[in-house]
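**Student:** One structure follows; several queries about it will come next.
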Amino acid sequence: MSSLKTQAISSLFWRFLERGGSAFVAMVVQIVMARLLSPDDFGLLALLAVFINIGSVFVQSGLNTALIQAADADDDDYSTVFWMSGAVSIALFALIFISAPAIAAFYANDTLVWPLRALAGILLLDAYNSVQVAKVTKDLELRKTFNATLSAMVVSGAFGISTALLGAGLWALVIQQLTYQATTCLVLRLQVSWRPRLVFEAQRARDLFGFGWKLLASGLLNTGYQSLSTLIIGKQFSASDLGFVTQGEKYPQALGSMIDGSIQPVMLSAVSRIQDDKASVKELTRRALKTSSFLVVPVMGALALSAEPLILLLLGERWLPSVPFFQIYCLIWALYPIQTSNLQALNGIGRSDLFLRLEVVKKVYSVAILCFSAFVLRDVYAVVLGIAITSVLSCFVNAFPSRKVICYGYREQVRDLAPAFLLTGLCLVIAWPISLADIPPMLTIVAQGVVVAVIYLFVAKLLKVEELEYLIATLKELRGERKR
């Protein structure tokens with residue numbers, strides 16, 4: 001267990017660097033491009049991305065997670081998954097290529113045909129890249145994904161900004177997406193020793209798909225729901241409205257996934273190695289939930305508090321309509337660790353069947369809330385608020401199986417989450433009056449951020465909050481490991 005902890009801590013370090021570095025570069029690139037391009041351009045990209053995202057779910061088919069979860073996966077398994085994913089990616093690329101004119105006609109915009117066809121190339125790259133990512137994640141060699149992701153962010157950002165400056169509009173965003181995926185795939189290939197071979201094990205394919213198909217169905221439900229909200233906003237309202245929504249989501253998502261997304265993949269790999277020891281699985285799940293929430297919740301609270309000056313300073317006055325969406329998504333991402341920790345525990349112990357059942361339940365009420373807010377209330381703000389309500393309900397749904405599967409019930413989870421939410425609430429009440437002062441946006445952001453950070457850490461230290469003490473101890477341990 002000690003060697004596993006050492007590997008996990010080292011992997012977490014590199015995962016955090018990967019997420020942090022990529023999030024920083026991505027935000028810089030997005031800020032520059034948001035000033036060069038219009039809300040319409042970002043809205044149209046979001047519409048096109050719907051079809052690529054759904055296609056990516058089919059390409060991966062839950063098989064990358066199945067490879068990570070399988071205790072006995074070997075090179076033949078990786079090659080088998082590659083050929084399965086490759087065949088699906090080629091079929092989906094052809095389908096999107098042929099269907100592009102009909103999709104463009106649905107949105108009454110013929111200029112979408114070739115951008116959509118170009119974006120479909122991501123699916124071909126994804127078939128190879130998803131297997132590479134599964135390999136390094138399973139082996140806890142996340143330094144390699146750090147190198148690939150950061151390189152891809154820099155290269156794709158340079159291409160995106162350059163083409164935006166040349167007046168490429170929507171094509172600048174398309175080129176950025178394609179370059180990102182291609183660079184990630186190439187840099188990982190230079191680091192990962194695995195290469196696909198002409199091997200296809202039919203029995204292993206059935207075994208892996210037996211686990212993966214439930215994740216495929218779950219992914220389709222989740223991505224389908226997200227895509228439906230994007231399509232409804234784009235069709236029921238306007239591309240500009242969709243641009244404001246996606247821009248409001250982007251920055252909370254980047255910071256939230258930087259922290260929570262660093263912890264969860266490491267947790268999945270670690271849980272898969274001890275999946276028969278339920279007490280250890282519970283301890284890992286608790287640790288991931290408490291640590292991730294302790295870090296994510298105050299960051300989201302501070303972002304929501306400074307939303308208006310932040311948008312004004314970074315993106316400019318024309319993006320101010322995205323402020324309410326930005327604040328709502330801060331709430332959504334503050335709750336995200338609750339969902340991901342419980343779901344990764346289920347995946348890690350091989351309970352993809354429960355994962356699927358949860359997705360079915362969640363999507364029933366999610367679609368009902370989405371349709372009511374879009375077609376009855378007919379208000380784009382109500383649509384995003386409905387997504388937030390869905391997120392709150394999903395916290396309870398996702399946590400429900402943990403009570404029996406790993407003996408981690410609601411009461412215990414609420415007790416573990418309380419310090420992060422209570423301390424953040426206290427900090428926001430104290431820092432909010434700064435918003436009333438007539439000072440420049442930059443000074444407002446810095447002052448509120450400093451107040452939230454100082455009070456949060458001071459009170460946590462004063463009360464000897466266990467999560468802070470664990471983080472300090474882990475950093476010391478990591479520093480010791482790196483000196484050896």
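The values are calculated or read from the model by the stated rules, or taken from the named source; none is laboratory data. For clarity, every value in this text was computed on a predicted model and none was experimentally measured. Neighbour counts run over all protein chains shown; Cβ positions are idealised from the backbone, glycine included. We work out accessible area using only protein heavy atoms, side chains counted, and drop any ligands, DNA or RNA first. Shrake-Rupley method; radii C 1.70, N 1.55, O 1.52, S 1.80 Å.
**Student:** Per DSSP H run of at least 4 residues, take -39500 (n - 2.57); add these up for the chain, divide by its residues and hand me the 222 nm value, nearest 500 deg cm²/dmol.
**Tutor:** My calculation for the chain gives -28500 deg cm²/dmol from helical runs alone.
**Student:** Could you state how much accessible area W83 has, in square angstrom rounded to the nearest 10, with a 1.4 Å probe and all protein chains kept in place?
**Tutor:** 100 Å²
**Student:** Please list 3J(HN,Hα) in residue order for the range 231-244, calculated via the Karplus relation 6.51 cos²θ - 1.76 cosθ + 1.60 where θ = phi - 60°; whole Hz, with x for glycine and proline.
**Tutor:** Values per residue, Gly and Pro as x: 5, 5, 4, x, 8, 6, 10, 7, 5, 5, 4, 5, x, 5 Hz.
**Student:** Right, next: With a 1.4 Å probe and all protein chains left in place, how much accessible area per residue does the chain have, in Å²?
**Tutor:** Ligands and nucleic acids excluded, the result is 43 Å² per residue.
**Student:** On to the next question. Expressed as a whole percentage, what fraction of the accessible surface of the range 359-471 belongs to carbon and sulfur atoms when a 1.4 Å probe is rolled over the protein heavy atoms?
**Tutor:** Whole-percent figure for carbon plus sulfur exposure: 77.
**Student:** Provide the per-residue ³J(HN,Hα) series for the range 418-432, in order, calculated from phi with Karplus coefficients 6.51, -1.76, 1.60 and θ = phi - 60°, each as a whole number of Hz, with x at glycine and proline positions.
**Tutor:** 3, x, 5, 6, 5, 5, 5, x, 4, 5, 5, 4, 6, 7, 4
**Student:** Give the span of the chain's Cα atoms along each principal axis, as three whole-Å numbers ordered largest to smallest.
**Tutor:** 67, 58, 47
**Student:** Each residue of the range 357-362 in turn: what ³J(HN,Hα) in whole Hz from Karplus with 6.51, -1.76, 1.60 and θ = phi - 60°, glycine and Pro shown as x?
**Tutor:** In residue order, the calculated couplings are 4, 4, 5, 4, 4, 5 Hz.
**Student:** Using amide H atoms built 1.01 Å from N in the peptide plane, name the residues 5+ places from E201, or on other chains, whose amide H lies under 5 Å from its own.
**Tutor:** Here the answer is T80, since their amide H atoms fall under 5 Å of that of E201.
**Student:** With a sphere of radius 13 Å drawn around the Cβ of S227, what net charge do the other residues whose Cβ falls strictly inside it have (Lys, Arg +1; Asp, Glu -1)?
**Tutor:** Residues close to S227 contribute a combined charge of +2.
**Student:** Let's see if you can work this out: charge +1 on each Lys and Arg Cβ, -1 on each Asp and Glu Cβ, no other charges. What is the dipole magnitude of the chain about its Cα centre, in debye to the nearest 20?
**Tutor:** 880 debye
**Student:** Given the protein chains as shown and a 1.4 Å probe, how many square angstrom of D74 are accessible, to the nearest 10?
**Tutor:** Roughly 70 Å² of D74 is accessible to a 1.4 Å probe.
**Student:** Would you pull out the residues with amide H under 5 Å of Y408's amide H, same chain only if 5 or more places away, H placed 1.01 Å from N?
**Tutor:** R403
**Student:** Hey, another quick one. Say R0 is 35 Å: what FRET efficiency, to the nearest 0.05, do L457 and R318 get from their beta-carbon distance?
**Tutor:** 0.45
**Student:** How much accessible surface area, in Å² rounded to 10, belongs to the heavy atoms of W114 with a 1.4 Å probe?
**Tutor:** Per-residue accessible area (W114): approximately 140 Å².
**Student:** Please compute P(r) over all alpha-carbon pairs of the range 92-234, binned at 5 Å starting from zero, and give each bin as a whole-number percent.
**Tutor:** Reading the bins upward from 0: 2, 8, 11, 16, 19, 19, 13, 8, 4, 1, 0.
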